[in-house]
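One structure below.
The values are calculated or read from the model by the stated rules, or taken from the named source; none is laboratory data. Since this is a predicted model, take the numbers as computed values, not measurements. Heads up, the Cβs are rebuilt from the backbone with ideal geometry, glycines too, and the neighbour counts pull from every protein chain shown. Calculation scope for accessible area: heavy atoms of the full protein, side chains included, ligands and nucleic acids excluded. Shrake-Rupley method; radii C 1.70, N 1.55, O 1.52, S 1.80 Å.
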Amino acid sequence: MDLYEYQGKQYFARFGIPTSPGAPADTVDEAVAAADRIGYPVVVKAQVKVGGRGKAGGIKLAGDSAEVRTHASAILGMDIKGHTVGRVWIERSSDIAYEYYASFTLDRSAKKHLCMVSAKGGVDIEEVAATDPGAIARCHIDPVDGLSAETAAALVAEAGLHEEARAQAAELLVKLYTCYVEGDCDLAEINPLIVTTDGRVHALDAKVTLDDSAAFRHPEWEEFAATETLDPRERLAKEKGLQYVGLDGFVGIIANGAGLAMSTCDVVEQVGGKPANFLDIGGGANAAQMANALEVISSDENVRAIFINIFGGITRGEEVANGIVEALGRVEIAAPIVIRLDGTNAEEGRAILAGRASDRLVSVPTMIEAARRATELAQGATR
Amino acid sequence: MSVFVDETTKVVVQGVSPSSQGLYHGLRNRAYGTQVVAGTNPKRGGDVVEGIPVFASVAEAVAETGANASFISVPPRFAAEAIVEAAEAGVPFVVCITEGIPAHDEARVYNLLVRDFPGTRLLGPNCPGIISAGKCNIGITSGDIALPGGPVGLVSRSGTVFYQALYELTQKGIGQTTGVGIGGDPVPGTSFTDVLAAFEADPETRAVLMIGEIGGSAEEQAADFIKDHMTKPVVAYIAGVTAPPGRKMGHAGAIISGTHGTAKAKMEALAAAGVVVAQNPTEAGEKMAGVVRDLG
């Protein structure tokens, strides 16, 4: 789960990482009230989970309440790369002397944590990495040992941060690492990490991605989950406990297992179709799960045919077939369905499906043929 | 021969109670012919469940039964601790199928094993397990889709595509030495490279089918290994050609970060290493049939 900037900053604050005083606001009046409380000048910042807010006009400096009113009115409701701004973050403006970069993430190749620090902050770090790789100090951290104060100090020196800022920056780096590990972040990034003209080091932005697998030990994450704006199909799928990713095609996909679901999308595209979604119903594939999956898929108006691709491993073919038949009794489906059922006891399963076969429910023995059939039906169908 | 496990492997199932997933899968593995010699449960030491003696700890189970492999399917919040317990008890091969272990737990346990327990190999987590056709099955693979006798070794990140690939081979009459599911998480205990090295060293494995997916760079690392160290032919398939960037496709590790980890890049790296790259699992089976024919 990605956090909004203001949530990231609030999360940072729990671990003692200094940020500017600020408050979120959902209306112009709230924005003005917050700014009056915080003290001028303030910055009005659009809260969207996408980069390039500044260029899009989503970040504005305001010297008084009239300017806050003007900017908040313009920014609230603004569209930034397909994201509608529903909330702004009002924060005290900072006088910036220097802009740095700091982050922690997992290096999957090295199987260790990766810390990156740079004196070239405030710009796209990928670009710095491409044009001036020497400007980024990198260090792998063994998760068993953690990040020591000595290593942090060495890193900020290697990155060439200004001498007078190093002690504060190193201390902040250790806190950011604690936030990253104890806060179960996949990514904890500060860009820019600033030094103010009066010599204070603090986080001017916050990019935090939380590890969804760790949610069980973070009840406090519920408030973040509540503000997630999902595609309506994805929201419904999440409520039903399904692994779903919306795509922009017209063949609805249901498969058991993440790999097979990806593979099914690929095969549909190879035969000239376009997958409308990725959906993994997980192990089991019982009637309730199948009914939920069909319900989510049918809520997508672009879906003109549905391809159910099941490989029975532990789950036996006849159980899957019975599940599909039962699910079809529970959910009204407009689009024709093509089913490919293979693996353990597939013959028995196909026999059950054959009893229900029609031009709306077609059973095809192999994955490729089924993908072709579903694509043909989708291309010929009007809903 | 098979890699990592064979008919002599003795398995302890961690977390056994009459209603546990561990017992359910352990009994299935036993029915396949696997030697399931023990179970563990801190509150049920001394019990016998379905003929399986239960011990309070893995260390006790190892001391009493000589178990040399463990099987873990406990919930995510207990999984890291269970893996460490097995390593501390000196178990050389640990299979963990648990899905949804926090990434930091996984990274910590991986590095702990590397540093303090180099004699323990972890397979998984979030994997289907391992099957040595006709000899030993630890995990959740349905045994009847595997065909004994070789000559193909199979290694996969995905579970269901692992089954699909086993089935494609079996349908064509091509046997397998061992099928290894390494799992779809960001920090797997056993990597493609580890399994490829084992297959290269195994005289009965004469060709390898490798199933990858988007995210990370394990397939690129495998391509480097194949180019430099493998004499045996490899056929590969990568799932997720159509996956959009920045989205987790079901598995925690299946995510394209920016332009990194795409299926296309992985397929190109493998092809450049001399691997036969297939576009889908069915084609992978067909291409492997051609490779096996050419082996004579």
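Here are some notes:
- Over 20 Å (Cα to Cα) - which of A:LYS9/A:LYS175; A:LYS55/A:LYS207; A:LYS49/A:LYS274; A:LYS49/A:LYS81; B:LYS172/B:LYS264; A:LYS55/A:LYS81 fall in this group: A:LYS49/A:LYS274; B:LYS172/B:LYS264
- Antiparallel bridge percentage (DSSP; both residues within the protein assembly as shown; nearest 5): 50 percent
- Segment A:1-79 and segment A:205-280 have Cα centres separated by 29 Å.
- More than 21 angstrom apart: percent of Cα pairs within segment A:20-92: 15 percent
- Taking A:VAL117, B:VAL74, B:VAL241 and ordering them by how much accessible surface each has at a 1.4 Å probe, largest first, produces B:VAL241, B:VAL74, A:VAL117.
- Note that segment B:100-204 shows a convex hull volume over its alpha carbon atoms of 94 Å³ per residue.
- Histogram of C-alpha separations across segment B:200-296, 5 Å bin width, %: 3, 14, 24, 22, 18, 11, 6, 3, 1
- Stokes-Einstein D (µm²/s) once Rh is taken as the Kirkwood radius of chain B over alpha-carbon pairs, at 4 °C in 1.567 mPa s: 68 µm²/s
- Point-charge dipole on Cβ atoms (K/R +1, D/E -1) for segment A:232-380, about Cα centre, debye to 20: 100 debye
- Calculated FRET value between B:GLU204 and B:GLU7, using beta carbons and R₀ = 22 Å, to 0.05: 0.95
- Taking every residue in A:334-344 and counting other chain Cβ atoms within 10 Å of its Cβ, the average works out to 2.
- Computed helical MRE - 222 nm, chain B, DSSP H runs ≥ 4 contributing -39500 (n - 2.57), nearest 500: -11000 deg cm²/dmol
- Shape call, segment A:232-380: gyration tensor on alpha carbons, a/c limit 1.5: rounded
- Three principal axis extents of the protein assembly as shown based on alpha-carbon atoms, in descending order, are 77, 64, 52 Å.
- Three semi-axes of the equivalent ellipsoid, segment A:299-383, Cα gyration tensor, whole Å, largest first: 21, 14, 11
- Cα gyration tensor shape of segment A:262-345, rounded if a/c is under 1.5, else prolate or oblate by comparing a/b with b/c: oblate
- The ellipsoid that matches the Cα gyration tensor of segment A:96-225 has semi-axes, each √(5λ) in whole angstrom, of 24, 17, 15, with the longest given first.
- Sum of side-chain charges, A:GLU318 neighbourhood, beta-carbon under 10 Å (Lys, Arg +1; Asp, Glu -1): -1
- Gyration tensor (alpha-carbon) shape descriptor, segment B:161-214, a/c threshold 1.5: oblate
- At the listed q of 0.07, 0.08, 0.10, 0.15 Å⁻¹, the Debye profile of chain A, built from one uniform point per Cα, gives log10 I(q)/I(0) equal to -0.45, -0.57, -0.79, -1.15.
- For peptide A:100-108, the mean count of partner chain Cβ atoms within 10 Å of a residue's Cβ comes to 3.
- Principal semi-axes of the equivalent ellipsoid, √(5λ) from the alpha carbon gyration tensor of segment B:129-295, are 24, 17, 14 Å from largest down.
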